[in-house]
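The values are calculated or read from the model by the stated rules, or taken from the named source; none is laboratory data. Source: prediction; values computed, not measured. With ideal geometry, Cβ positions are generated from the backbone for all residues, glycine too; neighbour counts draw on all protein chains shown. SASA here: full protein model, heavy atoms, side chains in, ligands and nucleic acids out. Shrake-Rupley method; radii C 1.70, N 1.55, O 1.52, S 1.80 Å.
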Amino acid sequence: MLGLGQMKFLVCLGFWLLLTVDSSFANPIAIQPLGPVRAGLIQQVTAGIRNLYSLDVVVLPEKPLPKAAYYPPRKRYKAEDIIDVLAAESPPELAKIIALTSSDISATTDAGKDWGIMGLGQLGGRVCLVSTFRLRNSETTQKVFFARLIKVVNHELGHTFGVDHCTTLGCLMQDKRGKVASVDGETGDPCASCAKRLPLAK
């Protein structure tokens, strides 16, 4: 039978473990504008995140894209380099950082060293990045554009929570393969399996 001192120790230990497990979910998701990002766009993204995830959202002051991430041959920015800079510079009290930019971004993939992408997220990390550059053309309505943007934002945030690409058709975490049509074809919600691994709003 446990003594009073041992019981107090176990209670304290259990409370500490609870804080350790849930601390990332108690802190906010921060939207980091990189370069000029319209206020209306940020409002739409904020609402879209809050509709899916249980974390609060804060907006950080605009900052420029890292010069070191610029890739002159294609006049765009390396997504991995941007994420590395933000991961090193962002305050630790922020649970997740979602960077938004209108500039074109690329990443190293199986398709090549400079593959144009819509977004990139650290799997199980803290930072992700989304570009609006590939989400619309002259025929895209504002409604469709915002729907695509929110899906991509929530998808990349899902990666930071440790959820990899899903094979379930229509799942938020389905691999887009760089195609806007794939974004349009998904529901915007995670499948039942992915949902269990994400801090979703009730």
Residues being within 18 Å of VAL127 (Cα to Cα), touching an Asp or Glu at 6+ places or on another chain (Cβ under 9 Å) and either touching a residue at least 40 places away in the same chain (Cβ under 8 Å) or among the polar types (S, T, N, Q) (or both) - total across region 64-84: 0
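Is it the case that region 161-174 has a residue that's of a type in the set (A, V, I, L, M, F, W, C) and touching a Gly at 6+ places or on another chain (Cβ under 7 Å)?
Taking region 161-174 first, the residues of a type in the set (A, V, I, L, M, F, W, C) are 161, 163, 166, 169, 171-173.
Those left that are additionally touching a Gly at 6+ places or on another chain (Cβ under 7 Å): 172-173.
Among the residues of region 161-174, at least one is of a type in the set (A, V, I, L, M, F, W, C) and touching a Gly at 6+ places or on another chain (Cβ under 7 Å), which makes the answer yes.
Out of everything in region 177-202 that is in a helix (DSSP H, G or I) and not small (Gly, Ala, Ser), what residue ends up being surrounded by the fewest Cβ atoms within 10 Å (Cβ to Cβ)?
Filtering region 177-202 for residues that are in a helix (DSSP H, G or I) and not small (Gly, Ala, Ser), the one surrounded by the fewest Cβ atoms within 10 Å (Cβ to Cβ) comes out as ASP184.
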Selection within region 144-176 - of a type in the set (Gly, Ala, Ser) and open to solvent by 30 Å² or more (accessible area, probe 1.4 Å): ALA147
Qualifying position, being closer than 27 Å to ALA88 by Cα, surrounded by fewer than 12 Cβ atoms within 10 Å (Cβ to Cβ), modelled with pLDDT under 95 and of a type outside the set (Ser, Thr, Tyr), among GLY112, GLY116, GLY124: GLY112
Test: residue in region 142-161 that is without any contact (Cβ under 8 Å) to a residue 60 or more places away in the chain, part of a loop (DSSP other than H, G, I, E, B) and among the polar types (S, T, N, Q): no
